[in-house]
Amino acid sequence: MPFLYGPRLLAPIRTPVSCSNVIGRTTVGRNVYACSQFDVRSKERRMPGPRPDGDSREILGVGLIGAGPVTQAVHLPTLARLDSMFRVAAIMDVDRTLASSVSDQLGAYAATTVDELLANPAVDVVAICSPNRFHADQVIAACLAGKRAVLCEKPFAVDLNQADELATVIAETGVPVIVGAMHAFDEGWTAVLEAWKDRTPEFIRSSIVLPPNERFEVLATELVTAVAPTPSVAFGIDADVEKVLGGVLGLAIHDLPLIRRLAASSERPRVRSVRVLEPFGYLIILELGELIIELHAAMTENWEPSWVLEAIAGDAELSVHFTPSYVHAGSATAVLQTAQDVSVFSPGLRNGYEMEWEALYRAALEGGRPDAGPLVEDLRFALAIADDAELLLRDEAAITLEVVA
């Protein structure tokens, strides 16, 4: 049964809120719903430290590769809330000053190379938060070093050759790898997915409207900044392609595994139209068999963020309202509406960041033979969309040049 955390309750209620009369509709981005039975807004905050049942499990040492905003504003605050499972043992960054500044605040070891971090015996599990192009090699290195589990920020590879090599190494070493697409672990999502059952959607939309990341990074932590990255020098069609590929593999990729799960199709997606939105964003329409999928994102200076995944089937409509990246505010709010009723899955106390780390903890302790197949298929799906979008953009640009000429 799906889990729902009610107001002022630390124990889960094992049934969703279901009522025929929802009081109002959500203000998109606020993750607040209410129904005529009771208000499902949670006001509790789960504090760090030992569990109330006295659980004293092994605490695993974490080594983080990359000390930038994702490490500082996402993973370190999350690990602080999970201090009965993890402690930060080492932080690596090629910027020695940044690595030392971040690690000194935690009493952790500062490293400047991946080999140095992996050789540290206090590091049990590794989190990879480096630029995308380094992910595959660093996952492989962590697996070959015998670490107990690896959490890699998305995407875990930038092409299918890398992904296939990763799958082989994971199978040979038995090291479990989790990709940090936090929405896949979100309690609101997993609850409504169970209630959705095996319905066949006719339309799916992922809509992301956010201000620049910096707004939330500085609210999540006292950010220690590094040297600013070199700005892109691409222009014209190359700049448009760069924006769309960055959007698909940086934003849409959070929702693509969820879309694959809803679609339940092994077909290759086909992009039918793509548009670049300024200053940064995209609008992509694709088909997966008879299913229509819309991917939309815009990063603007809007005052209120919105991140919504929607699916429409013949007899039901699903919507999941996620909190923005970098925001530590509980799980998504999910709604499943049919002709008979509306089921509301209220925000749980834990967010997707916590749930992915808890999944990593279980994987590290339980062992077994990990299957990287689903990770490879998720990446194959994302890369197919990115490749089609690039080809379409370049074809349209070439046609425009011919007309002008």
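The values are calculated or read from the model by the stated rules, or taken from the named source; none is laboratory data. If you're wondering where the values come from, they're calculated on a predicted model, not measured in any experiment. The area values use the complete protein model at the heavy-atom level, side chains included, leaving out ligands, DNA and RNA. Shrake-Rupley method; radii C 1.70, N 1.55, O 1.52, S 1.80 Å.
Which shape class applies to the range 258-331: rounded if a/c is under 1.5, otherwise prolate when a/b exceeds b/c and oblate if not, where a ≥ b ≥ c are the square roots of the Cα gyration tensor eigenvalues? Please report the intermediate quantities before stating the final value.
Working: a/c = 2.35, a/b = 1.29, b/c = 1.81.
It is oblate, given that a/c is not under 1.5 and a/b is not larger than b/c.
To the nearest 10 Å², what's Arg81's accessible area with a 1.4 Å probe?
40
Using the heavy atoms of the protein chains and a 1.4 angstrom probe, tell me the accessible area per residue for the range 222-369 in square angstrom.
43
Starting from the Cα coordinates of the range 53-193, work out the convex hull volume and express it per residue in Å³. Walk me through the numbers before you get to the answer.
Details: hull volume 18.1 nm³, N = 141.
For the range 53-193, the hull spanned by Cα atoms encloses 128 Å³ per residue.
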